[in-house]
């Protein structure tokens, strides 16, 4: 069935046809040139969202050493253009200079803004844990093709990318129809809203400090170095 990417999703019981929740979880607009960087706050409680134990597909997706001195969570939507820009332009340097050097453990937190992002997030979680990050970054690299192009079948385009990444058609079909995992992702999104007051994507949590909006590598590294 066709999807309307303008419809925001809310609530653990939401289905594909769920109505929008006005005024919540909109993509962050970049600040004008010369403006101050997004504000950070230490007011958020430290407990991260926890996945429902009965669904292993909802377990944490992360990269980096468990002993890393800083844990950074990114609340992101696969149909957020600013999340896509971070994935394409900033994440490779973060991965190379901070994650692979043991300074940061990076945790992905699904925060789907619309129905397409939700289904793409479910598909991503059907990949083996070690293949999750490459698939997410491929989706961001090809975001214009499957998320924003006019007149396309979003399911077909996401399916093509999943197939090229090694997923069988039968597995893709099962993932696309998995409402249980979709509901679980929405429940985790609600936990992110409650725990960290996430209002926009991307939102980064450096330990317990919440930084909302797209940030360049230098700002990311600065926040990651703070105790």
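Please state the Cα pair-distance histogram of the stretch 79-227 with 10 angstrom bins from zero: what percent is in each bin?
10, 39, 37, 13, 1
Please report 146, 108 as a ranked list, fewest other C-beta atoms within 10 angstrom at the top and most at the bottom. Working shown, then result.
Numbers: 146 22, 108 18.
The most exposed by this proxy come first: 108, 146.
Report the Cα centroid-to-centroid distance between the stretch 93-155 and the stretch 189-218 in angstrom, as an integer.
Comparing the Cα centres of the stretch 93-155 and the stretch 189-218, I get a distance of 17 Å.
Just so you know, all these numbers are worked out from the coordinates, no wet-lab data involved. Everything numeric here is computed off the predicted structure, so don't read it as measured data. Cβ sites come from the backbone with ideal geometry, for glycine too, and all protein chains shown count toward neighbours.
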